[in-house]
Amino acid sequence: MIEFRIHGRGGQGSVAAAYLLATAAFEAGLMCQAFPAFGAERRGAPVTAFVRIGHDPIHLRSQVRTPDWLIVQDDSLLIDPNLTSGLKDGGSMIVNSARDSNEVASTFGCRALCIDATQMAVEEIGRPIPNTALLAAFLGLTGILPLKALGTALRGRFHGDVLENNLRLIERAARAVPDGAWKETEDA
């Protein structure tokens, strides 16, 4: 089983990202689970969402405390020294940021890749919602799921221009990262 923790702020699509990742896993023939955890429901408040993916049925129903991967949708959350709490040895995080990846990796003691997903989203979909770009970049890095499965998940959620813009965005984000650079971690 592979576990993910997605950190973001209300309005950035963290919960939608979790559901899209789980749906993509389902489309790829895997078992999946996705759910959020948040306090006061307001735009800008910290939000955490969780995803589990595996080949066997998933019976665990608790929050993800020891994730294999972190997806951080807002770099203002990097001020939290506990952001990577529980991250498994060899775990990695992808961060929506224009910051230097090596600096972030050094600060948190794990492999990190920063990508300006918000800027890509603004340019491709006209809104500062980084979730689909981050998911596509993550899938490009790891190869855990085919990008096509994410596209299918998007087709189940959106239509018209919103869908077409998001499909263009995921293609762009996947091309923006080194293809398969983190694949060996998934294969381990």
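The values are calculated or read from the model by the stated rules, or taken from the named source; none is laboratory data. As the structure is a prediction and not an experimental result, all values here were calculated from the model. Note: ideal-geometry Cβ built from the backbone for every residue, glycine included; neighbour counts use all protein chains shown.
Only one of these conditions is not met by Gln73: (1) of a type outside the set (Ser, Thr, Tyr); (2) more than 19 Å from Leu134 (Cβ to Cβ); (3) within 15 Å of the chain's Cα centre (by Cα). Which number is it?
Going through the list (1) of a type outside the set (Ser, Thr, Tyr); (2) more than 19 Å from Leu134 (Cβ to Cβ); (3) within 15 Å of the chain's Cα centre (by Cα), Gln73 breaks only (2).
Taking Ala98 as the residue in question, decide whether it is surrounded by 18 or more Cβ atoms within 10 Å (Cβ to Cβ), of a type in the set (Gly, Ala, Ser) and within 21 Å of Ala136 (Cα to Cα).
Here the answer is no, as Ala98 does not meet what is asked.
What are the residues in region 158-170 that are over 12 Å from Gly126 (Cα atoms) and surrounded by 15 or more Cβ atoms within 10 Å (Cβ to Cβ), if any?
Passing the criteria: Phe158, Leu163, Leu167, Ile170.
Scan region 3-31 for residues that are charged (D, E, K, R) and surrounded by fewer than 20 Cβ atoms within 10 Å (Cβ to Cβ) and jot them down.
The answer is Arg9, Glu27.
For region 101-128, enumerate the residues that are surrounded by 15 or more Cβ atoms within 10 Å (Cβ to Cβ) and more than 15 Å from Gly13 (Cβ to Cβ).
Ser101, Val104, Ala105, Phe108, Cys110, Arg111, Ala112, Leu113, Cys114, Ile115, Asp116, listed by residue number.
Out of all the residues in region 44-62, is one or more among the basic types (Lys, Arg) and closer than 17 Å to Leu135 by Cβ?
Scanning region 44-62 turns up at least one residue that is among the basic types (Lys, Arg) and closer than 17 Å to Leu135 by Cβ.
If you check Leu134 against the conditions, is it closer than 18 Å to Val51 by Cα, out of contact with any helix residue (DSSP H, G or I) (no Cβ under 7 Å at 6 or more places or on another chain) and surrounded by 14 or more Cβ atoms within 10 Å (Cβ to Cβ)?
no
Would you be able to say whether some residue in region 114-123 is in contact (Cβ under 8 Å) with a residue 24 or more places away in the chain, in a strand (DSSP E or B) and in contact with a strand residue (DSSP E or B) (Cβ under 6 Å, 6 or more places away or on another chain)?
The answer is yes; a qualifying residue exists.
Please state which one of Arg157, Arg99, Arg127 is out of contact with any His (no Cβ under 8 Å at 6 or more places or on another chain), among the basic types (Lys, Arg) and in contact (Cβ under 8 Å) with a residue 40 or more places away in the chain.
Arg157
Residue check: is Ala18 within 13 Å of the chain's Cα centre (by Cα) and farther than 19 Å from Leu141 by Cα?
Criteria not met by Ala18.
Sort out which residues of region 65-96 are within 17 Å of Gly10 (Cα to Cα), touching a residue at least 60 places away in the same chain (Cβ under 8 Å) and β-branched (Val, Ile, Thr), and write them in order of number.
Ile71, Val72
Report the residue count in region 36-64 for those that are at pLDDT 90 or above and farther than 25 Å from Gly11 by Cα.
The qualifying residues number 6.
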